[in-house]
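The numbers here are math on the coordinates, done by the rules we state, and not lab data. Just so we're clear, the structure is a prediction, and the values are computed from it rather than from any experiment. Neighbour counts are summed over all protein chains in view; Cβ atoms, including those assigned to glycine, are modelled from backbone coordinates with ideal geometry.
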There are 2 protein chains.
Amino acid sequence: MDPLPGTARIPNEHDVVDLLDWCTREGIAVIAFGGGSSVVGGVEPRCDGRGVVTVDLERLDRVLEIDTTSRAARIQAGVFGPHLEAQLKPHDVTLRHFPQSFEFSTLGGWLATRAGGHYATLYTHIDDRVESIRVVTPIGISQSRRLPGSGAGPSPDRLFLGSEGTLGVITEAWMRLQERPRWHAKASAHFADYAAAVAATRAIAQSGLNPANCRLLDAAESLIHAGVTVGGGILVLAFESADHPVGGHLARAAELCRDHGGEPSAENAQDVVGDTWRASFLRMPYQRDALARHSVIAETFETACTWDQFDELHHAVTEAAKQAIYQVAGTGVVTCRFTHVYPDGPAPYFSVYAPGRWGSTIAQWDHIKAAVSEALATHGGTITHHHAVGRDHRPWYDRQRPTPFAAALAAAKHTLDPAGILNPGVLLPAQ
Amino acid sequence: MDPLPGTARIPNEHDVVDLLDWCTREGIAVIAFGGGSSVVGGVEPRCDGRGVVTVDLERLDRVLEIDTTSRAARIQAGVFGPHLEAQLKPHDVTLRHFPQSFEFSTLGGWLATRAGGHYATLYTHIDDRVESIRVVTPIGISQSRRLPGSGAGPSPDRLFLGSEGTLGVITEAWMRLQERPRWHAKASAHFADYAAAVAATRAIAQSGLNPANCRLLDAAESLIHAGVTVGGGILVLAFESADHPVGGHLARAAELCRDHGGEPSAENAQDVVGDTWRASFLRMPYQRDALARHSVIAETFETACTWDQFDELHHAVTEAAKQAIYQVAGTGVVTCRFTHVYPDGPAPYFSVYAPGRWGSTIAQWDHIKAAVSEALATHGGTITHHHAVGRDHRPWYDRQRPTPFAAALAAAKHTLDPAGILNPGVLLPAQ
């Protein structure tokens, strides 16, 4: 069994520096810990018997500066979503990054894992909301310049975004904000045919309309999460703006749905589907734990692929999941929705529900996880679109990552973290 | 004097592999060469007497595959802008990346330098148009998976974007395309006051309207490039879409101009300002050479900064340039326009014109370059927004780049290019 990790609750950045110094000297592993909402084994101290310190950053929870002219704020990494927004609200600005884990996760965690947020299009990941980032590494503090854009060499920030605690401890960042939206328009479109629903979603994703919400639920998702029986699926659409009305954009998106055989609701009609789905979405972090207590296996697989690959990937993943469920549980359900869409492809999110056998749910889970991950890897998907790699996705991540890049990343890691103390086993083999 | 470089015109990727093998064994420097349009000494063989091979990629000039479903194409890196668009046109798609050097530069060059293109907002750099990238490094070929988005570790592509030939030779990429725009709307707004013009531009940049063109010319730019006398400046605006009319967005942008005291022209009115400016913009690559022949020093400095820094930076750069011009040439002109704008800041582009003294123009140029670069570095600008670092920007790039990131980049470089043959002296010190 892994050693129980010590937990150091860090009151300020200087303590992070001191801790990394000490751990580097002593060869003790360091796991930066935000909200602990990782679903991929990102912060678990599986460190082969080595000593581990978990660095709890929750006291680094303040918005330090707000630049309302540039609409940006300097924010400490340990702040949880609700507390972050509460500090921005008096200034009439918002980060508007709402991952499903919003209540249970922190800015630093979002940055370290390239979290996916509120927007279904355009600003899908938190990456694009970063103006500059500050990271404590064992060889010094890396602080990039606040810039709205730059072409000066490979982006320093992009090396640390997605580094999952392996290259340093993110302590703060300047984040791009926006005004709170004043105009909203939403609707849902029903489709009798799933392929037609996918085609409509693709048309909207390629239209430049850039809806804030553009989530396609398949028939099973529609039933489970929105209580609606439909043959193909439901596309939940929403537009928002702080500057101008968005009804025209919604009307055009509805037209694209009709072009593909969809039946859109009227704008801002009592949107039972969207509201029900949204409530279900927000409840899910609680439900997942509740289901686990009832020994129900509830697992999600999220990916992204190009549109030309989607049919094949969708079929392969669904079949692999069904077969794995059949083998380990006899029965179960596989559903698919799009969480984000891009002009060149969707980010499908598969959910698997199966009855667990008490005492062997972890083995069952492992089997399903491996089968589906294999299907993703083989059919052009990424092993993760926004859940990160952690320890659980390593085998497939290693295959996906170009070999020379892996060597370059390992070299960067070895230089920044010579003693190999930072989150060993995540992204790269433990030294 | 530098040795005259050998030039190897490469017919296929395998020859790049062989050449890198041979040069690694022999310790001969390799400079990947696209169109040679670098204005920052990016492809000049200043290699301290070492043998140099310049790898001319112009025969890698084909569009290899087009995926019209996902709107993406696999394109060889040596293709020049016009030939690239000519190959896409029969398929009714376009990359729509039009840097000022469009005729004289290649896809590989754009990727290696994080080129800035057509769009003044949103898709400003080519970075966001990259689906996957293929790079020959001395230790092997790095090929990322085609993905519309991913959260699997730090982005492999972002390490090579902006690597300026120091980490490998880019041979091809899957690029995101779009349909040709069918709807256009444009106008220009005159401002009596420059600060008001900047405020209007900021309001539009933060509005989410995302104009394709949003270029603010100061009074001197307006006179030189558009032939218009105006107190503050002219904001040139354009919207475009392949999917929907854009007149509503232009009307809202015009309203924002009026809110700040601007006088917008009617939509799509005979747009003398925009057209004249555009013609001048396209002529500039020719004019720069013509001016040089007449011993006129014509240099540009492009940067980006946050909005809260802009006034200070604008003042400091203008004063530094004027003082330097006065010292070396007695008289001259400094102008400023925005090439791109972001919600959190503009990308100002300064032009300096001064009479050169025959025989000492390079020393004069060096003096102006150093003075302005110093002002940029001191007042929160990036040393380059889209011209790249090359050899000329190195001193200021080194100061801008976070030290731990520099160490990580050097380690990545040493791993990918153990003999240090790739474009020595660019981004990092030659080994």
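Observations
- For the stretch A:117-180 and the stretch A:6-33, distance of Cα centres in Å: 21
- Quarter of the Cα convex hull surface for the stretch A:281-431, i.e. its orientation-mean projected area (nm²): 10.5
- Residues in the stretch B:177-182 carry Karplus couplings, in order, of 10, 8, 6, 5, x, 10 Hz; the curve used is 6.51 cos²θ - 1.76 cosθ + 1.60 with θ = phi - 60°, and Gly or Pro positions show x.
- Spatially proximal aspartates and glutamates relative to A:K322 (Cα-Cα < 18 Å; intrachain offsets below 8 disregarded): A:D218, A:E221, A:E299, A:E302, A:D311, A:E312, A:D366, A:E374
- For the residues B:V228, B:V79, B:V52, a GNM of chain B with alpha-carbon springs under 10 Å puts the largest fluctuation on B:V228.
- Net charge in the neighbourhood of A:L88 (other residues with Cβ under 10 Å of its Cβ; Lys, Arg +1, Asp, Glu -1) is +1.
- Taking max minus min of the alpha-carbon positions on each principal axis, the stretch B:150-192 gives extents of 46, 32, 25 Å, largest first.
- Helix A:247-259 and the longest principal axis of the C-alpha atoms of chain A enclose an angle of approximately 60°.
- The charge dipole of the stretch B:294-390, taken about the Cα centre with unit charges on the Cβ atoms of Lys, Arg (+1) and Asp, Glu (-1), comes to about 400 debye, rounded to the nearest 20.
- Counting, for every residue in B:110-120, the Cβ atoms of other protein chains within 10 Å of its Cβ and taking the mean gives 1.
- Copy-to-copy label distances for B:H414, where each label lies 7 Å from Cα along Cα-to-Cβ, are 0.9 nm in order of increasing length.
- Rg and Dmax of the stretch A:115-154, both derived from C-alpha coordinates alone, stand at 12.9, 38 Å.
- Rounded, prolate or oblate (a/c below 1.5 giving rounded, otherwise prolate when a/b exceeds b/c) for the stretch A:181-276 by Cα gyration tensor: oblate
- Sorted from closest to farthest, the other copies place their A:H294 label points 8.2 nm away, with each point set 7 Å from Cα along Cα→Cβ.
- Local electrostatic count, A:A408, Cβ distance below 14 Å [Lys/Arg +1, Asp/Glu -1]: +3
- Structure-based [θ]222 nm, chain A - -39500 (n - 2.57) summed over DSSP H runs of at least 4, per residue, nearest 500: -11000 deg cm²/dmol
- Each of B:S150, B:T24, B:M175 was placed along the dipole of the protein assembly as shown (beta-carbon charges, centred on the mean Cα), and the one lying farthest toward the positive end is B:T24.
- Among the residues of A:306-312, the average count of other protein chain beta-carbon atoms within 10 Å of the residue beta-carbon is 5.
- Counting Cβ atoms of other protein chains within 10 Å of each residue's Cβ and taking the mean over peptide A:395-404 gives 6.
- 10 Å binning of all Cα-Cα separations within chain A, expressed as whole percents from 0 upward: 4, 20, 30, 27, 15, 3, 0
- The convex hull of the Cα atoms of the protein assembly as shown, projected and averaged over all directions, covers 34.4 nm².
- Computed Rg/Rh of the stretch A:7-56, alpha carbon atoms with Kirkwood Rh: 0.97
- The stretch A:321-385: chymotrypsin sites (Phe, Trp or Tyr not before Pro) falling in loop per DSSP and having at most 15 other Cβ within 10 Å: A:W358
- Of A:P346, A:P395, A:P99, the one that fluctuates the most in a GNM where chain A has Cα springs shorter than 10 Å: A:P395
- A cut-off under 14 angstrom between Cβ atoms defines the neighbours of B:I368, and their net charge, with Lys, Arg +1 and Asp, Glu -1, is -2.
- Teacher prompt: B:A220 distances to equivalent labels in other copies, 7 Å Cα→Cβ, nm: 6.6
- Placing unit charges on each Cβ (+1 for Lys and Arg, -1 for Asp and Glu) gives the protein assembly as shown a dipole about its Cα centre, and among A:S101, A:G359, B:G248 the Cα reaching farthest toward its positive end belongs to A:G359.
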